[in-house]
Amino acid sequence: MKVLTAGAMRGVDQGTVELGIPGLLLMENAAHRVVEEMVQYFGSLRGHRIIVLCGKGNNGGDGLAIARLLFVRHQPVNLTVVLFCEPGDLRGDALANFQMLGAAGVFIEPEIPTAAALSTIVVDAVLGTGLTGAARGRALVAIDAMNSGFPLARVVAVDVPSGMASDGGASEGAIARADLTVTFTASKLCHVLPPNCNRIGKLVVVPIGTPEQLVQSDVACCEASDFSTLFGARPRGAHKGTFGHVLLVGGATGKSGAVKMAGLAALRAGAGLVTVASESDELAPELMTHSLWDAPKSLPGKNVLAIGPGLGTSAEAARLVELLLEAYAPVTVLDADALNLIAQTKWKAAGVA
């Protein structure tokens, strides 16, 4: 799953428009996707009291389009739309959606009515990925309202929760709460980096018509689908020797828990056999055991060598890791104390420095 900065996302949108797909169509597609995800999340929207909070940028334009679709297609019990700017501040596609919403017969409020406190769904379309610094002014009023003014409501954030910095894990100032965040084309850095990623509720990434070749990034987030091909159907005549033998080295005195869990995890991941070289031989019946300090003698015939859990950082442990790295293993995985030892020691063996 590609992860984009706010600048990269602007470039993707601009490239899409240059290819002939109008920005107004992208905004309409975004609104449709948000409404679809709301139906997926809440079920029928007809029984809900919905308030849509809109800012002056493209995020607000998305919100105005969402409000129109809700009014025309889903007819909630009550629909309130609040614009946290003057209509004259709107430009481009956001202005076009403001005009279309008015033409559809929806009154747009300049502030949150008292009765809207009973809303059951809040659509947050106040601030998007273009925010720098802390939210302020009328946008901050909207964020405070979302955080404390709708006790019965769940909040749907459009692209990002208002107030959240798009390009990192930390944000300045207030951030709107969110139960569901619907973002477009690709995740943004705030969706995957803590603590911001802990404030977005359920994240859904939806397509809006951007050509896939335009979405380029050096940052990606692993998904379950990235690993699914590794777990193919096993041959009927297979046995434990068919699926490789792991040697797991760790578990110094008093630290056998980590290496035990790692050994069981290797089995669960699909290894046919797992031998644990540890100072404890009371691990689990599924695991074979070997002496920790004689681990290099157990390496021949193993397909994977894993070093580190509970190993400790003693001089003896450092020497053991050095010997193991000098030996041959088709695949070597370093974790935990093995990484600590490498960080402390300038080894040249096995290309490790």
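The values are calculated or read from the model by the stated rules, or taken from the named source; none is laboratory data. Note that the structure is predicted; figures quoted are calculated from it, not measured. Methodologically, a virtual Cβ is constructed for each residue, glycine included, from the backbone with ideal geometry; neighbour enumeration extends over all protein chains shown. When the accessible area is computed, the model is the full protein with side chains, heavy atoms only, and any ligands, DNA or RNA have been set aside. Shrake-Rupley method; radii C 1.70, N 1.55, O 1.52, S 1.80 Å.
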Quickly run through the stretch 248-277 and pick out the residues that are under 18 Å from V321 (Cα atoms), of a type in the set (A, V, I, L, M) and outside any loop (DSSP other than H, G, I, E, B).
L248, V249, A258, V259, A262, V276, A277
Could you check how many residues of the stretch 251-285 are surrounded by 13 or more Cβ atoms within 10 Å (Cβ to Cβ), under 15 Å from A317 (Cα atoms) and over 32 Å from the mean Cα position of the chain (by Cα)?
7
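Let's see how each residue does on (1) open to solvent by less than 40 Å² (accessible area, probe 1.4 Å); (2) free of Cβ contacts under 8 Å to residues at least 12 places away in the same chain; (3) among the hydrophobic types (A, V, I, L, M, F, W, C):
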site	(1), (2), (3)
T114	no, yes, no
A125	yes, no, yes
G130	no, no, no
G133	yes, no, no
G137	no, yes, no
A142	yes, no, yes
M146	yes, no, yes
R154	no, no, no
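Of everything in the stretch 178-192, what is open to solvent by 20 Å² or more (accessible area, probe 1.4 Å) and touching an Asp or Glu at 6+ places or on another chain (Cβ under 9 Å)? Give them in sequence order. Write out each step before concluding.
Kept after step one, since they are open to solvent by 20 Å² or more (accessible area, probe 1.4 Å), are these residues of the stretch 178-192: 179, 185, 189, 192.
Those that are open to solvent by 20 Å² or more (accessible area, probe 1.4 Å) and touching an Asp or Glu at 6+ places or on another chain (Cβ under 9 Å): T185, L189.
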Residue that is more than 23 Å from A30 (Cβ to Cβ), open to solvent by 40 Å² or more (accessible area, probe 1.4 Å) and of a type in the set (F, W, Y), where the choices are F107, F98:
F107
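From A153, A103, grab the single residue that is within 25 Å of the chain's Cα centre (by Cα) and among the small types (G, A, S). Before you say what the answer is, go through the steps one by one.
Numbers: A103 fails: within 25 Å of the chain's Cα centre (by Cα).
When all the criteria are applied, what remains is A153.
A quick yes/no check of all residues on (1) among the polar types (S, T, N, Q); (2) free of Cβ contacts under 8 Å to residues at least 60 places away in the same chain:
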site	(1), (2)
H245	no, yes
L248	no, no
G251	no, no
G257	no, yes
E282	no, yes
S291	yes, yes
For the stretch 286-315, enumerate the residues that are surrounded by 15 or more Cβ atoms within 10 Å (Cβ to Cβ), in contact with a strand residue (DSSP E or B) (Cβ under 9 Å, 6 or more places away or on another chain) and polar (S, T, N, Q).
T289, S298, N303
What number goes with the only condition from (1) in a loop (DSSP other than H, G, I, E, B); (2) open to solvent by less than 100 Å² (accessible area, probe 1.4 Å) that S225 does not pass?
(1)
I'm checking my understanding of the structure. Among residues of the stretch 322-337 that are part of a helix (DSSP H, G or I) and in contact (Cβ under 8 Å) with a residue 60 or more places away in the chain, which one is farthest from the chain's Cα centre (by Cα)?
L324
From the list M38, M1, M9, pick out the single residue that is within 23 Å of the chain's Cα centre (by Cα), open to solvent by 50 Å² or more (accessible area, probe 1.4 Å) and either among the hydrophobic types (A, V, I, L, M, F, W, C) or more than 21 Å from G163 (Cβ to Cβ) (or both).
M1
